[in-house]
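Undergrad: Below you will find the structure I want to go over with you.
The values are calculated or read from the model by the stated rules, or taken from the named source; none is laboratory data. Since the model is a prediction, treat every value here as computed from it, not as a measurement. Quick reminder, even Gly has a Cβ in these numbers, built from the backbone with ideal geometry, and neighbours come from all protein chains shown. These accessible areas exclude ligands, DNA and RNA; they are computed on the full protein's heavy atoms, side chains included. Shrake-Rupley method; radii C 1.70, N 1.55, O 1.52, S 1.80 Å.
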Amino acid sequence: MKNPLRSEAEAFQFLLGAVVYFAAIAIAGVINEWAGLAVFVVLTSAVVVWWLRARRLEVPAQQAPVHRGGPDERRILVIANETVGGGPLLERIRERSSGYTTQVLVVSPALNTPLRHWASDEDPAREQARERLDRSLARLKQNGIEARGEIGDGDPLQAIEDALRTFGADEIIISTHPEGRSNWLERGVVTGARERFAVPIHHVVVDLEAERNG
């Protein structure tokens, strides 16, 4: 089942809205039971109308970024975090780079806990993302692939959108954990990216446990 809350910010807004909703009904109910009923009907109607309108809205596909560079140049945008140094991801980058003058941008979203996110404490998440990113860039270089990296927004779809504005990727590689262990797959990130961005998107599964045990 697809999670309708696409980011931690949306989850927080939903939680705050729910608190306000029930608090307004409770306060009105204390004043007068009919006032409580009236507030319940009005607020519930507003929520239903909003939900129906939201379901009708479709996220428009963005135009593909303008190709930059010569005909033999390929720009690859890689979105990965915990799997950023995985073997299958490195192999896919090498495969997609073959035969081209390639520019690779690796974006590692700064994943954070909800509590730290709401407290605007993103420094630890960015630090950990930077460490993983540096290791990945070094491994790519060892494999003959020159790449640069950036720390992106904690929402991977927003991180892709931000990167496309400046990088102009010809294709995107999204790396995740296997199904059942991947928060991104559970949230529908790959499907959402294909609906939202008019760029070829490749999905790579990296099983870090299998790599460590192998």
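Undergrad: Regarding residue 140, is this residue closer than 13 Å to residue 85 by Cα, more than 17 Å from the chain's Cα centre (by Cα) and in contact (Cβ under 8 Å) with a residue 40 or more places away in the chain?
TA: Values: closer than 13 Å to residue 85 by Cα: yes; more than 17 Å from the chain's Cα centre (by Cα): yes; in contact (Cβ under 8 Å) with a residue 40 or more places away in the chain: yes.
Yes.
Undergrad: Just for the stretch 84-104: of the residues that are modelled with pLDDT of 85 or more and touching a Lys or Arg at 6+ places or on another chain (Cβ under 6 Å), which one is farthest from residue 128 (Cα to Cα)?
TA: 102
Undergrad: Considering the stretch 164-177 alone, what residues qualify as being at pLDDT 90 or above and out of contact with any helix residue (DSSP H, G or I) (no Cβ under 8 Å at 6 or more places or on another chain)?
TA: Matches in the stretch 164-177: 164, 170.
Undergrad: Within the stretch 148-171, how many residues turn out to be open to solvent by 30 Å² or more (accessible area, probe 1.4 Å) and within 17 Å of residue 202 (Cβ to Cβ)?
TA: Of the residues in the stretch 148-171, 1 are open to solvent by 30 Å² or more (accessible area, probe 1.4 Å) and within 17 Å of residue 202 (Cβ to Cβ).
Undergrad: From the set of residues in the stretch 122-147 that are touching a strand residue (DSSP E or B) at 6+ places or on another chain (Cβ under 8 Å) and open to solvent by 80 Å² or more (accessible area, probe 1.4 Å), which is farthest from residue 88 (Cα to Cα)?
TA: Looking at residues that are touching a strand residue (DSSP E or B) at 6+ places or on another chain (Cβ under 8 Å) and open to solvent by 80 Å² or more (accessible area, probe 1.4 Å), I get 126.
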